[in-house]
Amino acid sequence: MTSVGQSKDILGSNNTEQRDKIVQLLTTAYWMEIETVMNYIQASTNLDGVRAQEISESLEEDVQEELGHAQRFAQRIKDLYGTVPGSADFSAEQRFLQPPNKSTDVVQVIKGVMEAERGALEHYNKLIETCDGIDWVTQDMVIEILEDEQNHYRTFESFLMEYENS
């Protein structure tokens, strides 16, 4: 029997470089989810108007799901011998999801959500490819999360079509 230390498993000592790369990608994913949670909270709270109600409610639901994704990424970072970063390491990047000038600008919020989801889809696909053949556990986890993000994107894409056609 081969010990984990010398195996082809991602935890093997001979896979340190690949594991570090995966941890780095997981850390980016973690921060993306944390920032999305912050922005979905502000957007769901700041939006005003009857037309904004459905968008606000959808974002409120998504907050819990996105937070769950962040927690899963954090646990996987730890499982791969990484350290989950603290707030001092945070750097905001979602300029497109900042509060709109008018609290009734639902379309700007929808487009910002779609941009955040598009970024997640791109990053998670890269993470899945990086894990291929070396870290099946992380790959499976990210594939599950990717499905959620695709669903979020499609939901907001349909909201945008409705707003653009009204």
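The values are calculated or read from the model by the stated rules, or taken from the named source; none is laboratory data. Being a predicted model, the structure only gives us computed values, none of them experimental. Reconstructed Cβ throughout: ideal geometry from the backbone, glycine too, with neighbour counts over all protein chains shown.
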Residue satisfying all of: in the stretch 106-128; surrounded by 22 or more Cβ atoms within 10 Å (Cβ to Cβ) and β-branched (Val, Ile, Thr); farthest from Ile55 (Cα to Cα) among these
Val113
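Per-residue answers, yes or no, for (1) surrounded by 17 or more Cβ atoms within 10 Å (Cβ to Cβ); (2) out of contact with any Asp or Glu (no Cβ under 8 Å at 6 or more places or on another chain); (3) closer than 21 Å to Ser166 by Cα:
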| site | (1), (2), (3) |
| --- | --- |
| Arg72 | yes, yes, no |
| Arg76 | yes, yes, no |
| Ser87 | no, yes, no |
| Thr104 | no, no, yes |
| Thr130 | yes, yes, no |
Against the condition under 19 Å from the mean Cα position of the chain (by Cα) and either modelled with pLDDT of 95 or more or not in a helix (DSSP H, G or I) (or both), how does Ile77 come out, does it pass?
yes
Taking first residues from the stretch 1-26 that are more than 30 Å from Gly119 (Cα to Cα) and second residues anywhere that are assigned to a helix (DSSP H, G or I) and modelled with pLDDT of 90 or more, the pairs with Cβ under 6 Å that are 6 or more apart or on different chains are Gly5/Ser13
Do we have Tyr124 as closer than 14 Å to Gln24 by Cα, of a type in the set (Phe, Trp, Tyr) and in a loop (DSSP other than H, G, I, E, B) here?
no
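Here's the yes/no breakdown for (1) of a type in the set (S, T, N, Q); (2) out of contact with any Gly (no Cβ under 7 Å at 6 or more places or on another chain):
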residue	(1), (2)
Thr104	yes, no
Val107	no, yes
Val113	no, yes
Arg118	no, yes
Leu127	no, yes
Met141	no, yes
Asp148	no, yes
Asn151	yes, yes
Glu164	no, yes
Keeping to the stretch 128-141, report how many residues are at negative phi and outside any helix (DSSP H, G or I).
3
Among the residues of the stretch 52-65 satisfying the criterion of being surrounded by 15 or more Cβ atoms within 10 Å (Cβ to Cβ) and not hydrophobic (A, V, I, L, M, F, W, C), which is farthest from Thr104 (Cα to Cα)?
Glu65
Of (1) of a type in the set (Asp, Glu); (2) farther than 19 Å from Leu146 by Cα; (3) part of a helix (DSSP H, G or I), Asp48 satisfies all except one. Which?
(3)
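Residues are listed down the side, and each one gets a yes or a no for (1) of a type outside the set (Val, Ile, Thr); (2) in a loop (DSSP other than H, G, I, E, B); (3) closer than 30 Å to Asp20 by Cβ:
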{"site": "Pro85", "(1), (2), (3)": "yes, yes, yes"}
{"site": "Ala92", "(1), (2), (3)": "yes, yes, yes"}
{"site": "Pro99", "(1), (2), (3)": "yes, yes, no"}
{"site": "Ser103", "(1), (2), (3)": "yes, yes, no"}
{"site": "Val109", "(1), (2), (3)": "no, no, no"}
{"site": "Met114", "(1), (2), (3)": "yes, no, no"}
All-but-one check, Ser166 against (1) part of a loop (DSSP other than H, G, I, E, B); (2) in contact with a helix residue (DSSP H, G or I) (Cβ under 7 Å, 6 or more places away or on another chain); (3) not basic (Lys, Arg), failing number (2)
Being farther than 19 Å from Met38 by Cα, part of a helix (DSSP H, G or I) and free of Cβ contacts under 8 Å to residues at least 12 places away in the same chain is true for just one of Glu157, Glu144, Glu61. Which residue is that?
Glu144
